[in-house]
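One structure is given below, encoded as structure tokens.
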Amino acid sequence: MNYPAKHTISLGFLLFALWLALSGQLDIMMLSLGLVSVLVIISITHRMDVIDREKYPAHMTVLLFRFWLFLSREIINANIDVLKRIFKPGKNISPQLFELPLTQKTDLLRVIYANAITMTPGTVSVNVNKETITIHSLSIEAARDLCGGRMARAMPEDYEDE
């Protein structure tokens with residue numbers, strides 16, 4: 001199948017940046033070997049026919065980076081909240097199980113959203129279908145925050161390749 005070149009090129013840049021970050025090697029010989037290894041991986045992925053819009057969403061790379069920054073802040077804040085609830089004496093948790101309507105249009109975005117909720121301490125995605133997501137939260141405040149839709153609005157929106 002023929003996929004847009006931007007999927008292949010962006011995957012190549014991503015793999016080479018990852019290789020460079022993990023190896024830390026900057027001499028010509030090692031850079032050449034890293035480039036060759038990335039080219040081999042790209043050719044294998046083409047031969048296996050696995051570079052596509054769903055498996056490697058190149059069209060969302062910048063949007064996902066912005067969401068990861070948002071999610072990092074949410075994870076830190078939720079960790080602080082959970083720690084306060086653990087160390088504060090008395091009954092300060094109020095477990096909630098609730099359904100939240102999904103506004104994401106693709107399966108990929110639904111999975112990213114469900115995983116983002118689960119990555120945030122104090123909340124767990126229990127069930128996901130096309131219309132709703134069932135969530136368990138440690139507190140009513142966390143449930144209200146999710147129902148407010150701030151995380152859903154921070155999610156990248158899928159758009160068609162141009």
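Once backbone amide H atoms are built at 1.01 Å from N, THR132 has LEU102 as its partners under 5 Å, excluding neighbours fewer than 5 places away on the same chain. Evaluating 6.51 cos²θ - 1.76 cosθ + 1.60 at θ = phi - 60° for every residue in the range 71-77, the Karplus couplings come out as 5, 4, 5, 5, 5, 4, 4 Hz, glycine and proline recorded as x.
Close Lys pairs in the chain (alpha-carbon distance under 22 Å; sequence gap of 8 or more, or different chains): 4.
The chain has equivalent-ellipsoid semi-axes of 38, 21, 11 Å, by the square roots of 5 times the alpha carbon gyration tensor eigenvalues, sorted largest first.
Summing +1 for each Lys or Arg and -1 for each Asp or Glu among the other residues whose beta-carbon sits under 15 angstrom from that of GLU74 gives +2. With 0.36 nm allotted per residue and the present C-alpha distance subtracted, the GLU141-ASN129 stretch has 1.9 nm of extension available.
Bear in mind these aren't lab numbers, they're just calculated from the coordinates by the rules spelled out. Please read these numbers as outputs of a predicted model, since none were measured by experiment. Every residue, glycine as well, gets a Cβ built from its backbone with ideal geometry; the counts of neighbours run over all protein chains shown.
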